[in-house]
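J.: Structure below; questions to follow.
The values are calculated or read from the model by the stated rules, or taken from the named source; none is laboratory data. If you're wondering where the values come from, they're calculated on a predicted model, not measured in any experiment. FYI the Cβ positions are ideal-geometry reconstructions off the backbone, even for glycines, and counts take in every protein chain you see. Surface accessibility is based on the protein's heavy atoms, side chains included, excluding ligands, DNA and RNA. Shrake-Rupley method; radii C 1.70, N 1.55, O 1.52, S 1.80 Å.
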Amino acid sequence: MKNIFLSLAIFVVMSLLHAQFADWEVGLLKLPGGSYGMFSVFMLIFCSIITGIGFLTVVIFRKTYYSILRAAVLFEIIYLLFLIISGNNPFLYFYDPTNENLLMIMVYGNAPVLFIIMYLVHLMYSKMNLLRIKK
């Protein structure tokens, strides 16, 4: 039961971080608010759907998703798969270099950045558990 709640917490944190990074990227690229003002909300909805699918997967296969790293890998695989299926082409920027197309590269780039963050959280969490077990 503990691994299910841990996985849900990881999914929610990763969803919120993806939405926050998308908001920062829109602000950094100075994209028009009328067209891209709600992009971070769209990313939050998009990631909430991924959270639901990932949580369902963890509930079904609860014995295999016992660590933060496995939940993060599952989330990122589903995230990248959904981006590919939705038709976002990260290579379009190289044919038409606009800020809108650069945003798609940055959205794809969020995945490895967040995975590294979750890997560092996994290392800290496992060290804390190891110290707790030794005492």
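J.: Looking only at the stretch 77-97, decide whether some residue is closer than 21 Å to ILE4 by Cα, buried (at least 18 other Cβ atoms within 10 Å of the Cβ) and in contact with a helix residue (DSSP H, G or I) (Cβ under 9 Å, 6 or more places away or on another chain).
T.: Pass one, the stretch 77-97, residues closer than 21 Å to ILE4 by Cα: 77-79.
Pick out the ones that are also buried (at least 18 other Cβ atoms within 10 Å of the Cβ) and you get 78-79.
The next check asks that each one be in contact with a helix residue (DSSP H, G or I) (Cβ under 9 Å, 6 or more places away or on another chain); those that pass are 78-79.
Among the residues of the stretch 77-97, at least one is closer than 21 Å to ILE4 by Cα, buried (at least 18 other Cβ atoms within 10 Å of the Cβ) and in contact with a helix residue (DSSP H, G or I) (Cβ under 9 Å, 6 or more places away or on another chain), which makes the answer yes.
J.: Mind checking whether some residue in the stretch 105-119 is open to solvent by 60 Å² or more (accessible area, probe 1.4 Å), over 17 Å from ALA22 (Cβ atoms) and not in a loop (DSSP other than H, G, I, E, B)?
T.: yes
J.: Among the helices (runs of 4 or more DSSP H) contained in the stretch 1-70, which hold 1 or more residues that are within 20 Å of LEU123 (Cβ to Cβ)? Spell out the reasoning first.
T.: Numbers: elements: 2-29, 33-36, 39-60.
Of the helices (runs of 4 or more DSSP H) lying wholly inside the stretch 1-70, those with at least 1 residues that are within 20 Å of LEU123 (Cβ to Cβ) span 2-29.
J.: Looking at LYS30, LYS63 in this structure, which one is at positive phi, open to solvent by 70 Å² or more (accessible area, probe 1.4 Å) and of a type in the set (Lys, Arg)? It would help to see each step written out before you state the result.
T.: Values: LYS63 fails: at positive phi.
Just a single option satisfies the conditions, and that option is LYS30.
J.: While we're on this one: Just a yes or no: is a residue in the stretch 72-89 of a type in the set (A, V, I, L, M) and either closer than 24 Å to GLY33 by Cβ or in contact with a strand residue (DSSP E or B) (Cβ under 6 Å, 6 or more places away or on another chain) (or both)?
T.: Filtering the stretch 72-89 down to residues of a type in the set (A, V, I, L, M) leaves 72-74, 77-78, 80-81, 83-85.
Next, only the ones that are either closer than 24 Å to GLY33 by Cβ or in contact with a strand residue (DSSP E or B) (Cβ under 6 Å, 6 or more places away or on another chain) (or both) stay: 83.
Scanning the stretch 72-89, I find at least one residue that is of a type in the set (A, V, I, L, M) and either closer than 24 Å to GLY33 by Cβ or in contact with a strand residue (DSSP E or B) (Cβ under 6 Å, 6 or more places away or on another chain) (or both), so the answer is yes.
J.: Scanning the stretch 37-60 for residues that are more than 18 Å from LEU17 (Cα to Cα) and in contact (Cβ under 8 Å) with a residue 24 or more places away in the chain, which turns out most open to solvent (accessible area, probe 1.4 Å)?
T.: Step one: list which residues in the stretch 37-60 are more than 18 Å from LEU17 (Cα to Cα), which gives 56-60.
Next, from what is left, pick out any that are in contact (Cβ under 8 Å) with a residue 24 or more places away in the chain: 58-59.
Working: VAL58: 0, VAL59: 50 Å².
Ranking the qualifying residues of the stretch 37-60, first place goes to VAL59.
J.: Next question, about the same structure. LYS2 passes all but one of (1) over 22 Å from ILE116 (Cβ atoms); (2) touching a Cys at 6+ places or on another chain (Cβ under 7 Å); which number fails?
T.: Evaluating LYS2 over (1) over 22 Å from ILE116 (Cβ atoms); (2) touching a Cys at 6+ places or on another chain (Cβ under 7 Å) leaves (2) as the failure.
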